[in-house]
Structures are given as C-alpha cells and as structure tokens.
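Everything below concerns the one structure shown next.
Each value in this text was obtained by applying a stated rule to the coordinates, not by laboratory testing. Because the structure is predicted, anything quoted here is derived from the model rather than measured. Methodologically, a virtual Cβ is constructed for each residue, glycine included, from the backbone with ideal geometry; neighbour enumeration extends over all protein chains shown.
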Ligand code: ADP
C-alpha cells in the first residue's frame, strides 16, 4: 500500500462526494480518491486504480451497493467496503453487513468516516495476515511428516490433515462424519487405556501428553503410532480443542522388538554355560580345599566372585527380557518386610566396607508380595546409592508406616541427578551422561526393572535429588496390593527426608 490511501468512491452526487473529501481531510487522512457513478466505471477503476477501500452510496441511477459488493466477491477482491448513505433501515444495515460490508456510515454522521475508514483497512489487513498465516500453517501441516488432528471437547475430530489420513489409513470423512461415538481407530487391545487417557484429556484433567499405541488401518493392517496431544482451554478453563500430532513409529517399534529378541536369546544362551562354569568352579574349590592348596583356592574364589557378578548381570538381562515379554513370574506370599530390609542391608554391608549403611527401621511390618523381587529392588537401590556416591561414607535407609502401607527411602550423599534427568532414570537403558558419569559401570536397566516390580505391587517409586548433594530414592508399597491400591493422594502427603538442597525438588513417579 502506498502512503496515500486509495479510495474508490461510488457516488452520483458531486456535493456528497465533496463532503466526504472534506471530512477525510479534517480527519487528516492522506488519500487519493476516484469518484464513479456507474457499474462500468466502477469495474474499470477496480482494476486500473486498484483501491485500498471502496466507499459506496446505496442507490445510484442504474446501480446499487449490493451489486457493487457482489462484483467485489465475483472478482475475488478482498477490499474493505463501507456503505455511505443518507438513510438506511436497520434491517438493511444488518443485511449488507452480513453480505460482507465492513461498516456503514450515515451521511449526517460523516465525522465518523475517517476513523471507520482506518479501522476497516486495518481490520482487512489483519484478516489477510491471519489468512496467510493459516495458509502457511495448513501448508506445513500437510507437508510435515507428522499428521495433525484437531478434536473437540468431546473427542470428535474437527479437522484431519492429509498426512494424518496417510499415516492412519482412514479418510478424514470417517473421523468427521456425525456419529454417536468419537472415531478413534485404536487396536482392540489398546482401546481400554487409550479411552481412559482421552477422557482425561477431554475433561481437561490432563493438559498434554505423549502416548504410543497401536492403530488399525481401514485395510486391517496394525501400525504403531506416537501421539503428542495438547489441550486448549477457553478463558473459563473449559476444554475447547485438543490438538494432536501423530507419527508412524512402526519401524522403530520393529527395531526395538528385534533388539529385545536379541537380548532375550543372548541372555538365555549365556546363562547356561555360566551356570556350568560356576558349578565347576565350586567343585574345583572343594577339590583344592581337600588338597590344602590354599593359593589356588584363593585364586578360584576370586574367579568365583567375578562369576557371581556375571551371573547377576545375566539375571538382570533375563529379567528385563521377561518383563518386556510379560513373562516375569511373581511368587507372592506374606513376608516380613522389616526383616527383609535388614537382610539386604547386612548382605550389602559385607561387600561395601567403604560405606556405612545406616538402617532406621520402622515398626515390624508384614507385606504381601514377592519377597525375592522386592529384595531385588532394595539391592538395586542400595547398590546405586553406593556406586553413585564414591566420595561419601554413609547411606541412610529409612522405613516408616503410612496409612495403607510402608515407605522406604534410600538416601545417599553422592553425585546426585540433574533435575531434567530425574524423570528419565526409570526408563529402560537410560543412563545419565555427562562429565565423570562414564566412570560408573552399568546397563541402565536396574531402575527400570525395579519400577516394573514396584508397579506390579501397586506401589510407587520416585526420586528426589540435587546435583552434588545426593539422591533419595523412595518406594511406597501397600500392605496387600490385592486389596488396597495406594491412594494417589497419600503419595504426596509425606516424604521421609526434606527435599535435598535449597531448590524445590519435584517428585517423579515411575
Ligand atoms: P545403572 O546400571 O546404569 O546404574 P539404573 O537403572 O540402576 O542403571 O540407573 C539408571 C541411571 O540413573 C544410572 O545410570 C545413573 O545415571 C542414575 N542413578 C541411579 N541411581 C543413582 C544415584 N543413587 N545417584 C545418582 N545417579 C543415579
């Protein structure tokens, strides 16, 4: 737009046209105006003069404002249009505004014209920018590798991008067509939990999430998809829209499956010879002891200790692959939790002379669950506390009763975990990277297995940590998970130690 506003004025009265000029000048509008009074000139000027705005009287000898507006529409000219007329009924004003006029001004109130003209031009520009931005967004949506779906507050699709159609293998109309239930082509086995999450999103209880589940395409094929959902609320906090981005992760899932299969086969294949070596080692130790060959016996025992470590590693890998295949067996009964904690601590203390393991036991408690698996969790937490605090000398284990079970916390004074890494430590193969971290051996699956075991007992596990000050890993378990799952509220009630360090430490649950 040049600095002068180009006005095309449809007016058959020279006096009225001058009056308009007068008001515009009074309003300090810098303009260049052409006045026309018939359709032919009007159409010519639209192309030759290329106006920024049209001002139109209502009725001219052979032409009127409706026809003038209609011509703009036919020519697809997005130019603001103000009706400037002597008299107008309210119905007519409403009608012409509905028809696309930007504003209307009565000739006896022309002083309003300058501001109305500027507003109309600005409104038109903003609308053009909005449309351009929308077009750009649509272009990206259609061309990005991610599919895009917009849902309403009930979970019905409002718009579905072409890419989402490609990925999910369903046409947009399947999603959008009016039906009783929202259309989510979820694979049968995943329906229950996906429904639950979608309810949390549509109710606004959850504002954003990332989830992976299987989808059945129209042709029947099942694919894995990853979804990024975010909820938009109105000013009253009511859910307005849920925006979802989706991508096909079937190949990634396939690769994960192959890796899991490999780990499963490798750990099984390693297990048998290592068990045999261990048995031969024990036999050799007995023979050497009988012969009184103390020097060789010392060496074979050293070897035995390393074989035990290897057996533990293979056992961890086996557990991992069993969890992944849903095959980890649980052997549950009532067991003395307090005594179990003491046994684990005593065992660990024997092999960790540099750290003092301080047990602050609560009252004697019996839990229902798999004692060996819970032992495994405790061993893992203690082993980590020792491993990740090489310069400290104490680890504190604190147990206390809650309303529905127990809480146990293992506190170390070691390297700690950065806030942004804390939420990842329970994920499979996750190991914190960074300066000095590579000096700590490990596979990054101990906490994953622990969290799976705790989940299976309807408990919770989380961490509270500060870099340079140490970490506290907490677990909560119900007395009998068959009867009483841990109430969510209770988790937040109390933690064994105040947050480590000055900063407010967030809790992350597995
Ligand atoms: P790893 O075999 O690597 O120790 P885990 O699953 O037990 O595997 O732990 C995952 C990661 O969490 C570790 O690699 C480490 O970076 C971090 N971590 C676990 N426990 C602690 C701790 N007590 N202090 C600091 N970092 C820890």
Checklist entry - Under a plain spin-label model, where a point goes 7 Å from the Cα along Cα-to-Cβ, how far apart in nm are residue 258 and residue 118? => result 6.7
Next on the checklist: Tell me the relative contact order for the chain as a rounded percent, counting alpha carbon contacts under 8 Å between residues six or more apart.
Outcome noted: 7
Checklist entry - Going by a ≥ b ≥ c, the root eigenvalues of the Cα gyration tensor, does the stretch 1-48 fall in the rounded group (a/c under 1.5), the prolate group (a/b larger than b/c) or the oblate group? => result oblate
Next on the checklist: Give me the extension gain from residue 132 to residue 301: residue separation times 0.36 nm, minus the current Cα-Cα distance, reported in nm with one decimal.
Outcome noted: 53.2 nm
Checklist entry - Which whole-number percent gives the relative contact order of the stretch 5-139, counting Cα pairs below 8 Å spaced six or more residues apart? => result 24
Item to check | Interatomic Cα distance distribution for the stretch 256-324, bins of 10 angstrom, percent | outcome: 20, 39, 22, 14, 5, 0
Checklist outcome for this item: Ordered by fewest other Cβ atoms within 10 Å, a rough proxy for footprinting exposure, 466, 225 read 466, 225
Item to check | Relative contact order of the stretch 145-248, defined on C-alpha pairs under 8 angstrom at six or more residues apart (%) | outcome: 31
Item to check | Packing rank of 66-76, 156-166, where each peptide gets the mean count of other beta carbons within 10 Å, highest leading | outcome: 156-166, 66-76
Next on the checklist: Of all beta bridges DSSP finds with both residues in the stretch 5-139, what is the antiparallel percent, to the nearest 5?
Outcome noted: 10
Checklist outcome for this item: Helix 337-351: inclination vs the chain longest Cα principal axis, degrees, rounded to 10, gives 70
Checklist outcome for this item: Between residue 279 and residue 195, the two model label points (7 Å from Cα along the beta-carbon direction) sit apart by a distance in nm of 5.1
Item to check | For 23, 420, 150, order by how many other beta-carbon atoms lie within 10 Å, fewest first | outcome: 420, 150, 23
Item to check | Kirkwood Rh, Cα atoms: Rg over Rh of the stretch 5-139 | outcome: 0.97
Item to check | Theoretical ellipticity at 222 nm over the chain - DSSP helices of four or more residues, -39500 (n - 2.57) apiece, nearest 500 | outcome: -14500 deg cm²/dmol
Item to check | With eigenvalues of the C-alpha gyration tensor scaled by 5 and rooted, the stretch 60-108, Å | outcome: 18, 12, 10
Item to check | Shape of the stretch 313-449, Cα gyration tensor, a/c cut at 1.5 | outcome: oblate
Checklist entry - Taking neighbour Cβ counts within 10 Å as the exposure measure, how do 462, 227 sort from fewest upward? => result 227, 462
Next on the checklist: Compute the helix-to-body angle for 39-48: its Cα long axis versus the longest principal axis of the chain, expressed 0 to 90° and rounded to tens.
Outcome noted: 50
Item to check | Cα-based helix-to-principal-axis angle, 294-324 vs the chain, degrees rounded to 10 | outcome: 30
Next on the checklist: Order 391-397, 249-255 from most to least packed using the mean count of other Cβ atoms within 10 Å.
Outcome noted: 391-397, 249-255
Next on the checklist: How large is the convex hull of the C-alpha atoms of the stretch 352-399 per residue, in Å³?
Outcome noted: 75
Next on the checklist: I need the shape label for the stretch 145-248. Rule: rounded when a/c is under 1.5, else prolate if a/b > b/c, else oblate, with a, b, c from the alpha carbon gyration tensor.
Outcome noted: prolate
Item to check | Cα convex hull of the chain, projected area averaged across orientations, nm² | outcome: 37.3
